[in-house]
Amino acid sequence: MLDPQARALLDLMIQLQVPPVQTLSPAEARRLYVERRFFTQPDPPAMLETRALQAGAVPLRLFRPAAGVLPVLVYFHGGGFTIGSIATHDGLCRQLAHRAHCAVLSVDYRLAPEYKFPTAVDDAWDIVQWVVGQGAAR
């Protein structure tokens, strides 16, 4: 049994004739992912602050829904280490920050196949270490 929202998403993908991601090249999968995200995402809530950051080779986006000291959620987008980005998950990160009343740090780890395993995993570990070392200052 599927959750009704998951069933509705699958039905919408069938209706729109979205091809299965595993049948696409990485470039095609990325393009379709960007195009179809607007069908399923609500309007994102406003943030007090949205800031672009960089840690080594990894771009980051920080979402702050309120002033003051906030806990931080480090968000690694989905996509099988091949598709997705901080741009495709912007709305979701804003929702998380707003609803959980925390800062969200979205990580734009490097994707395969351009960057071979374990690059994305190494990027994730490096960012967690970066947050531990410097996150409170941001």
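Taking residues in segment 100-119 that are free of Cβ contacts under 8 Å to residues at least 60 places away in the same chain and in a loop (DSSP other than H, G, I, E, B), and partners anywhere that are open to solvent by less than 30 Å² (accessible area, probe 1.4 Å) and acidic (D, E), the pairs with Cβ atoms closer than 8 Å and at least 6 places apart or on different chains are Y109/D123; R110/D123.
Of all the criteria given as (1) farther than 30 Å from A27 by Cβ; (2) open to solvent by 70 Å² or more (accessible area, probe 1.4 Å); (3) not polar (S, T, N, Q), the one not satisfied by A100 is (2).
Candidates A87, A27, A66, A55: the one that is small (G, A, S) and in contact with a helix residue (DSSP H, G or I) (Cβ under 6 Å, 6 or more places away or on another chain) is A55. It is to be established whether one or more residues within segment 90-104 are within 30 Å of V132 (Cβ to Cβ) and touching a His at 6+ places or on another chain (Cβ under 7 Å). No, segment 90-104 contains no residue that is within 30 Å of V132 (Cβ to Cβ) and touching a His at 6+ places or on another chain (Cβ under 7 Å). Is it the case that segment 17-27 has a residue that's of a type outside the set (D, E, K, R), touching a residue at least 12 places away in the same chain (Cβ under 8 Å) and over 26 Å from D123 (Cα atoms)? Among the residues of segment 17-27, at least one is of a type outside the set (D, E, K, R), touching a residue at least 12 places away in the same chain (Cβ under 8 Å) and over 26 Å from D123 (Cα atoms), which makes the answer yes.
Within segment 17-70, the set of residues being modelled with pLDDT of 95 or more, within 15 Å of the chain's Cα centre (by Cα), open to solvent by less than 50 Å² (accessible area, probe 1.4 Å) and not aromatic (F, W, Y) comprises L53, V58, P59, L60, L62. The single condition among (1) exposed (fewer than 13 other Cβ atoms within 10 Å of the Cβ); (2) under 13 Å from the mean Cα position of the chain (by Cα); (3) on the phi > 0 side of the Ramachandran plot that G78 does not satisfy is (3).
The values are calculated or read from the model by the stated rules, or taken from the named source; none is laboratory data. For clarity, every value in this text was computed on a predicted model and none was experimentally measured. Note that we place each Cβ from the backbone using ideal geometry, even for glycine, and neighbour counts take in every protein chain shown. To get the accessible areas, we keep the full protein, side chains included, count just its heavy atoms, and leave off ligands, DNA and RNA. Shrake-Rupley method; radii C 1.70, N 1.55, O 1.52, S 1.80 Å.
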